[in-house]
Amino acid sequence: MMINFKDFISGLNHALTENPSAQVTSQASGQTLYLKFNNKDILTNASYAGPVDPWLGSMCSIIIGKTMSEISKLSWKNWDQAFEHDQTFWDIKMEKAEEFFFAPLELLKAAIDSYREREHLYKEPEALICRCFGVRENDVLDYIRSTDDPTPEGLAMASKAGMGCRSCVPQLTKWLSVKMPKNLAHFFKEKSRAHWLLEIDYMLSCFPEAADWKMEVKSFQGTQVSITFDKDVSQAEEEQVSVRLQDFLAAGLDSDLSFFLIRARQRSNA
């Protein structure tokens, strides 16, 4: 039976699965993914709860009937093949591709890990950094703590992070360039600084001027986060945007954090 991508926009597969083999909830999106396998590790049912998401719904349909090995190799090609003649899919993919692809796959990887008993039953899974090789936040933190000069190349040798599709390489490069202490100060309010950096980086990407001003997170010391920008603007405009940036990020993340906007050229010439 042919399924149209519009069906997922309407909420196809948005339902509870009775007696799932594994289920994982994303605290960020509020969505729960349910997977049900048979005794041969073939997925017989998949669904989700929470906000309606066509990408998560379509993923459920795509993976049903597949083996564990096939699910682990899920990629863009599966969507392209499944909706090859569906114009709605292609239109939305062109407009919003970057918004959806990683979150559903992270949820799927966490659910599979839970099914394989790789995650503690009552522990929230660490953030997945490299989905190709299952590298999580703690793996990266362990590497950072164990070397005086962390680099993406060194991390790749230690964990293979970034050696698959390479979509995580820009994030890893930016993350590892931030100088972070290797002790308990690595944490702010019971979350690792690496976790905060990922959240800050995402929120920064949502700020209206971020792309045009080429804003980047450069340091996180104490409660102060430094963000550089590279755009010729007046002092008055810089001050106005700096105030709005502080209000935007503090409201979305934590009011105790302070965000400072710094001209990239000034910083490099210092």
Under 10 °C and 1.306 mPa s, how fast does region 126-177 diffuse according to Stokes-Einstein, given a Kirkwood radius computed over C-alpha pairs? Answer in µm²/s, whole number.
150 µm²/s
The residues Ser255, Ser219, sorted from fewest to most surrounding Cβ atoms within 10 Å, come out as Ser255, Ser219
Once phi is turned into θ = phi - 60°, what whole-Hz ³J(HN,Hα) does the Karplus curve with 6.51, -1.76 and 1.60 give for every residue of region 20-28, x standing for Gly and Pro?
x, 6, 7, 8, 9, 10, 8, 5, 5
Quick one: compute the contact order of region 191-270, relative version, from alpha carbon pairs under 8 angstrom and 6+ residues apart, as a percent.
29 percent
What is the set of long-range amide H partners of Phe259 at a cut-off below 5 Å, with H atoms built 1.01 Å from backbone N?
Val225
At q = 0.19, 0.20 Å⁻¹, what log₁₀ I(q)/I(0) does region 5-115 have when each alpha carbon counts as one equal point scatterer in the Debye sum?
-0.96, -1.07
Give the percent of DSSP beta bridges with both residues in region 191-270 that are antiparallel, rounded to the nearest 5.
45 percent
Pop the C-beta distance of Asn4 and Tyr202 into the FRET formula with R0 = 30 Å and round what comes out to the nearest 0.05.
0.45
Suppose R0 equals 22 Å; then what is the FRET efficiency for Val52 and Ala82 from their Cβ-Cβ distance, rounded to the nearest 0.05?
0.70
With a cut-off of 8 Å between alpha carbons and a minimum separation of six or more residues, what is the relative contact order of region 126-177 in percent?
35 percent
Give a residue-ordered list of calculated ³J(HN,Hα) values for region 73-83 (Karplus: 6.51 cos²θ - 1.76 cosθ + 1.60, θ = phi - 60°; whole Hz; x for Gly, Pro).
9, 4, 8, 3, 4, 5, 5, 4, 6, 5, 10
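Every read-out reported here was derived from the displayed coordinates using simple, explicitly stated rules and does not represent laboratory data. This is a predicted model, so every value here is computed, not measured. Virtual Cβ from ideal backbone geometry, glycine too; neighbours counted across all protein chains shown.
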